[in-house]
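> Got a structure for you, questions after.
The values are calculated or read from the model by the stated rules, or taken from the named source; none is laboratory data. Everything numeric here is computed off the predicted structure, so don't read it as measured data. Virtual Cβ from ideal backbone geometry, glycine too; neighbours counted across all protein chains shown. To get the accessible areas, we keep the full protein, side chains included, count just its heavy atoms, and leave off ligands, DNA and RNA. Shrake-Rupley method; radii C 1.70, N 1.55, O 1.52, S 1.80 Å.
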Amino acid sequence: VFVRLAEKPTLRWYVLLGLCFGLGMLGKWNFAMFAAALPLACLAHPGFRHLILTWKIVPAGLVAAAVTLPPALWALHVGAAAGDNTGTLLGKSGYSFLAVLWKGTADLAVSVLAYPLPFLVLFLIVFGGAAWRGFSAHQPIAPYRQAVPDVRLVGMTIAIAVGLYWLLVPLAGATDFKERLLQPALLILPIYLFMLAEIGSPPQ
C-alpha cells in the first residue's frame, strides 16, 4: 500500500495505509515499531518528506486509531493474561543501569544478526560483492531506475525501527530481545539487500 501511495499520493491510499497500520497493531504490539519507523524515515528522506507533511496524514491516523483504540481499551480494562506481562517480555530486572545498557544492547545486536539466518549467510556468499558495491556507491553502478520506495528509504526504515527497539533498553530496562520480536523491523531486510545487489550488479 505504501508503494502505491508513494507513486500516487491520493487520499484513498492514505486511508488504506492507516487501515493497514491499525490492523498491524491488532496483530502484535511491536508492529508499532514499523508503524513509527516508516513515517520517520520519510521525514528524514528529502524525496519522501512531502508524503508526511500533508493534511492527508490526519485521516490516515484517525483510521488507524479507530481500528486500534477499541481493542486496546478493552485489553487495558481486562488486564494481561496469566504469565503475559511486560516484565517477562523485557527480561529480568535487578541489574544496574550500566549492566542493563550493556546486556540489552548486546542481546539486541545478537538478535538482529540471528533473525535473518541462514538466509543472510547464503545471500552474502552469492550476492555479497554486488550488495557491497551497491551499498558503497553514491550513484548506481549499473543502469538502474530507483524503485519506489528507493533503497535508501528502505534501509532507513529498518535502521530507525531497530533504533526504536534499542530505546527500550535505557527507557524500559529491556535486556531480552527474542528474534521473533524483531519481525516488523527486519521483515523487509531481504528486499533491501536485493535492491542493493541490483544496484551493484554489472550491466547485462
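> Given a Förster distance of 35 Å, report the FRET efficiency between Val3 and Ala106 from their Cβ-Cβ distance, rounded to the nearest 0.05.
With a Förster radius of 35 Å, E is 0.50.
> So what does Ser96 come to for accessible area, using a 1.4 Å probe and Å² rounded to 10?
70 Å²
> Right, something else. Cut-off under 17 Å on the C-alpha distance; same-chain residues fewer than 8 positions from Lys8 excluded. Which aspartates and glutamates are left, in chain and number order?
In chain and number order, the partners are Asp150.
> Taking amide H positions as placed 1.01 Å from N in the peptide plane, with prolines and chain starts having none, which residues 5 or more places from Thr175, or on another chain, fall under 5 Å of its amide H?
Under 5 Å from the amide H of Thr175 lie the amide H atoms of Gly91, each far enough along the sequence or on another chain.
> Pick the calculated semi-axes √(5λ) of the Cα gyration tensor in Å for this structure from (i) 31, 26, 13; (ii) 28, 18, 17; (iii) 39, 18, 14?
It is the one labelled (i).
> Still on this structure, I have one more. For the chain, calculate the relative contact order in percent as a whole number, restricting contacts to Cα pairs under 8 Å that are 6 or more residues apart.
Here the relative contact order equals 32 percent.
> Taking the dipole about the Cα centre of the chain, with the C-beta of Lys and Arg at +1 and of Asp and Glu at -1, give me whichever of Phe34, Leu171, Leu181 is farthest to the positive side.
Phe34
> Under DSSP H, which helices of the chain have Cα atoms covering 15 Å or more of the helix axis and a Kyte-Doolittle average no less than 1.6?
31-44, 57-78, 119-136, 151-172, 189-200
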